[in-house]
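The structure under discussion appears below in the form of structure tokens.
The values are calculated or read from the model by the stated rules, or taken from the named source; none is laboratory data. Worth saying up front: this structure is predicted, and the values here are computed from it rather than measured. FYI the Cβ positions are ideal-geometry reconstructions off the backbone, even for glycines, and counts take in every protein chain you see.
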Amino acid sequence: TRQRSCGSPTTIRRPALLTRVRVPCAPAPQLLALLRKHCVEKACPIAGFSIQCDREVLQREMPEIYAFLNHRIIDVSSFTGMMERWLPDALAAWKEDQGQGPSNYNHRAMNDVEASIETMHWVRRNLLVQPAAAEADEPK
């Protein structure tokens, strides 16, 4: 059986032998091309829920992508943690809004990306509010 993840070595099981072999992450060149197309080198921070773990994986497994990104990180979990501690009404409103979305979260990378983006949109509209900017950020 062969299992593969960018975050862990490939495991290849053989009848009398269990070996761990590192295989380069295949999508890294395509991801780097996408970043080059849409982002200025060293200007794009990495963002997401508990993003420090992802940053460490990038540094170890995809150093060329890690080098392309800015050193700053935006941990979306920090915003939800602040709401939990200091803005319980905002946390309740965020949770209510999250309940309106799809409930098929399965801890896959795409779900994490989508949830991070949706949460940051919510934070931008509801916590980091400047009246004119909040109106401009409303979905059309």
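From the list 57, 76, pick out the single residue that is in contact with a Ser or Thr (Cβ under 7 Å, 6 or more places away or on another chain) and modelled with pLDDT under 95.
One residue alone meets the criteria, 76.
Among the residues of the stretch 63-88, write down those that are of a type in the set (A, V, I, L, M, F, W, C) and over 15 Å from the mean Cα position of the chain (by Cα).
Result: 67, 68, 82, 83, 86, 87.
Name, by its number, the condition in (1) surrounded by 11 or more Cβ atoms within 10 Å (Cβ to Cβ); (2) at pLDDT 90 or above; (3) aromatic (Phe, Trp, Tyr) that does not hold for residue 105.
(2)
Give the residue, chosen from 128, 91, that is over 30 Å from residue 32 (Cβ atoms) and part of a loop (DSSP other than H, G, I, E, B).
128 is the lone residue from the list that is over 30 Å from residue 32 (Cβ atoms) and part of a loop (DSSP other than H, G, I, E, B).
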